[in-house]
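A.B. asks: Handing you a structure now.
The values are calculated or read from the model by the stated rules, or taken from the named source; none is laboratory data. Nothing here was measured: the structure is a model prediction, and the numbers come from that model. Here the Cβ positions follow ideal geometry from the backbone for every residue, glycine too, while neighbour counts run over all protein chains shown. Note: accessible area is taken over every heavy atom of the protein model, side chains too, but ligands, DNA and RNA are not part of it. Shrake-Rupley method; radii C 1.70, N 1.55, O 1.52, S 1.80 Å.
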Amino acid sequence: MAVTSLNTENFDSTISGSKLPVLVDFWASWCGPCRMLSPIVDEIGNESDGRYKVCKVNVDESPELAERFNVMSIPTLLVFKDGEVVESSVGLCSKQDILRMLES
């Protein structure tokens, strides 16, 4: 399952319409830690086997989404279940930590 890019137009329908947990990576192209985390997030998306969705929000292109979820630092990872944030992480973290967030 590929990683989905989210913006203000598709965010709510993607998140609220999902029966699966959704991992959302808030990032920017100029952010060094974001560039380090991106391949890990992509790998998790490619390995998800339909157990969860993986999405990304570019904060430069969708600042209103970053503001809506009080994203003050990037990278920020949010896990949504039933449209609600149930887990969050700020900064670089390991693949194991992200998988633990998704499975908790």
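A.B. asks: Could you run the Karplus curve 6.51 cos²θ - 1.76 cosθ + 1.60 with θ = phi - 60° over region 74-86 and give me ³J(HN,Hα) per residue in whole Hz, x for Gly and Pro?
C.D. replies: 10, x, 10, 10, 10, 10, 9, 10, 6, x, 10, 6, 10
A.B. asks: While we're on this one: Determine the gain in length on full extension of the stretch Asp97-Asn7; use 0.36 nm per residue of separation and subtract their C-alpha separation, reporting nm with one decimal. Walk me through the numbers on the way to the answer.
C.D. replies: Numbers: separation 90, 0.36 × 90 = 32.40 nm, distance 2.54 nm.
Once the chain is fully extended between Asp97 and Asn7, it gains 29.9 nm.
A.B. asks: Continuing with this model, one more query. Specify whether the C-alpha gyration tensor of region 1-53 places it in the rounded, prolate or oblate class, a ≥ b ≥ c being the square roots of the eigenvalues: rounded for a/c under 1.5, otherwise prolate if a/b is larger than b/c and oblate if not. Mind showing how you got there, number by number?
C.D. replies: Numbers: a/c = 2.85, a/b = 1.30, b/c = 2.19.
Since a/c reaches 1.5 but b/c is at least a/b, the shape of region 1-53 is classed as oblate.
A.B. asks: Determine, for each peptide in 59-68, 20-29, the mean count of other beta carbons within 10 angstrom over its residues, then list the peptides with the highest first. Could you put the intermediate results ahead of the total?
C.D. replies: Details: 59-68: 14.8, 20-29: 20.9.
Peptide ranking by packing, descending: 20-29, 59-68.
A.B. asks: Cα gyration tensor of region 9-104, axes a ≥ b ≥ c as square roots of the eigenvalues: rounded (a/c below 1.5), prolate (a/b > b/c) or oblate?
C.D. replies: Details: a/c = 1.58, a/b = 1.10, b/c = 1.45.
Taking the square roots of the gyration eigenvalues as a ≥ b ≥ c, region 9-104 is oblate.
A.B. asks: Considering every Cα-Cα pair within region 58-104, what fraction, in whole percent, is farther apart than 11 Å? Write out the running numbers ahead of the final one.
C.D. replies: Values: 756 of 1081 pairs.
Pairs farther apart than 11 Å: 70 percent.
A.B. asks: Let me ask another. Within 13 Å, Cβ to Cβ, of Gly45, how many net charges do the neighbouring residues add up to if Lys/Arg are +1 and Asp/Glu are -1? Each step should come with its number before you reach the end.
C.D. replies: On the way: positive: Arg51, Lys53, Lys56, Lys95; negative: Asp25, Asp42, Glu43, Glu47, Asp49.
With Lys, Arg at +1 and Asp, Glu at -1, the neighbours total -1.
A.B. asks: I would also like to ask the following. Determine the share of the chain's accessible area contributed by carbon and sulfur atoms, expressed in whole percent, with a 1.4 angstrom probe. Walk me through the intermediate numbers first.
C.D. replies: Working: 2750 of 5530 Å².
Looking at the chain in its full context, I get 50 percent from C and S.
A.B. asks: Would you kindly state how much longer the chain becomes between Arg51 and Ser104 on full extension, computed as 0.36 nm times their sequence separation minus their alpha carbon distance, in nm to one decimal? Working shown, then result.
C.D. replies: Numbers: separation 53, 0.36 × 53 = 19.08 nm, distance 1.28 nm.
Result: 17.8 nm gained on full extension.
A.B. asks: Further question: Hey, can you grab everything whose amide H is under 5 Å from the amide H of Thr4? Only 5+ residues off in sequence or another chain; H modelled, so Pro and N-termini drop out.
C.D. replies: Under 5 Å from the amide H of Thr4: Val54, Cys55, Lys56.
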